[in-house]
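Working notes, beginning with the structure itself.
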Amino acid sequence: MSVSVSVSVSVSAAASPTAASPSPPLTNRRSPPASRVAAIRSCRTLFRSHLACSGRSPILPAAAAMATDGAAPAASEAGSKKKLLIFDAEEDLAVSLAKYTAELSEKFAAERGAFTVVLSGGSLIKALRKLAEPPYLASVEWSKWHVFWVDERVVPKDHDDSNYKLALDGFLAKVPIPPGQVYAINDALSAEGAADDYETCLKQLVKNGVIATSQATGFPRFDVMLLGMGPDGHIASLFPGHPLVNENQRWVTYIKDSPKPPPERITFTFPVINSSAYIAMVVTGAGKAGAVQKALSDKKNSSDFLPVEMAVLQDGEFTWFTDKPAVSMLQNK
C-alpha cells in the first residue's frame, strides 16, 4: 500500500494497491528478450549504428498528450509539479515504478516515436525489476527505448563499479531493447575525453530528433530520468559543496576527485537534469531520511542546498518514490 502526499504546488490522490498494480497489457506486443544485450560499444559507435539502421520509423513531432488512466499529465499541462509517494514495502514501490515507467513509455512512443530514458546506478536498478516481468516484458514497446546514464564511473564496462554493468546485469539483459539504442560511455577515454564524447553523442541525437529539446531552457529534454539519491543528498555525480553543482554551460562534465570512490566519473549537469519532462526519484531506507527531510522541507537556505534540492524541473513533473523509513523525519507525512 502507498500514500501520496502533496509537495509544493501539486496535489495528487492516494495511491492504492489497485493503482499500483500492473496495468493491462499495452498494444504493440514485443517478442521475449535475448539472453543478453549484444555488443558492448561506446556511445559514439552506438550512434553510428543507430543511424545505419534502415527502415526505422521517423521521430515524430510531439502530439497532444494521451489520456491514460493513472498516467501523469503531460509536462506542458502540468507546469512544474512535485509528488511524494510513500510505500509500505519496497515491493509495492517496484510495482508502482514499473507502471509509471510503462505508461510514460506508451505516451512518448506514441507522441514522438521514441522514449528516452536516463538511468542512475545504485539501488535504482533493482527497483526496475518489475519491468522485466509480465505484463510489461511483452507489452512495452521496447524497440522505442533509448537508454542513457545520468552519470558513469570511468572504469571498464565489465568492472564491478560500472553503472553500465549494473544496469546490464540487473535490467537491460532481461528486456529486448535494441543494443544500438543503449548509449554507454567510451571507457577507452580519459574522464575528460569520455565526457566530451558523450556530450557530442547527445548533440547528434538531438539534431537527429531522437532526444527532444526543452523550449524553456534550450538544453536536451529527456522523457524521463529514473534517479536515486545518496545519503548525503548527492544525485548523479554532483556532490554537496563541489564546484560542479554550479556548471551551467556543459551538458556533460567530468570529475576526478569524487568524494565517493571511484574518483573519476562523468555526469550530466543540472541544466540537463532540470530540463527533463519527468523525473522519478527513488529513495528508500532510514539512512537517507535526513536528506529527504531537508529536500522536502518548506524551509530553504540557498547557502547550503543539497544537490537533490537543486533538481527543480523547469517544465515537468517530479515524483518521489519513497518508503516509510526514508520519510521518517518528515512532519505530517
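Remark: spin-label model distance ALA89-ALA138 equals 2.5 nm, labels positioned 7 Å along the Cα→Cβ axis.
Of the listed residues HIS242, HIS146, the order by accessible area with a 1.4 Å probe, largest first, is HIS242, HIS146. Were the residues from SER303 through ASP160 laid out at 0.36 nm apart, the gain over their Cα-Cα distance would be 47.9 nm. Note on the range 143-218: Lys pairs 8 or more places apart or on different chains, Cα atoms under 23 Å apart, count 8. Accessible surface computed residue by residue for the range 212-301, with neighbouring protein chains in place and a 1.4 Å probe, gives 38 Å² per residue.
So what is the diffusion coefficient of the range 105-165 in µm² per second by Stokes-Einstein at 4 °C and 1.567 mPa s, using a Kirkwood Rh over Cα pairs? Calculated translational D: 99 µm²/s. The range 131-176 and the range 200-247 have their alpha-carbon centroids 18 Å apart.
What trypsin sites (Lys or Arg not before Pro) in the range 171-280 are in a loop by DSSP, with at most 15 other Cβ atoms within 10 Å of the Cβ? Answer in residue order: LYS256. The accessible-area ordering, largest first, of the residues LEU166, LEU124 stands as LEU166, LEU124, per a 1.4 angstrom probe. Hydrodynamic estimate: the Kirkwood radius of the range 150-208 over Cα pairs, inserted into Stokes-Einstein at 10 °C and 1.306 mPa s, corresponds to D of 128 µm²/s. With the simple model of a label 7 Å out from the Cα in the direction of the Cβ, SER123 to VAL312 spans 2.8 nm. Averaging Cα coordinates gives a centre for the range 304-326 and one for the range 81-101; these two points are 14 Å apart.
The values are calculated or read from the model by the stated rules, or taken from the named source; none is laboratory data. All values reported here derive from a predicted model rather than from experimental measurement. Don't worry about glycine lacking a Cβ; one is built from the backbone with ideal geometry, like all the others, and counts go over all protein chains shown. What goes into the accessible areas is simple: the full protein's heavy atoms, side chains included, and nothing from ligands, DNA or RNA. Shrake-Rupley method; radii C 1.70, N 1.55, O 1.52, S 1.80 Å.
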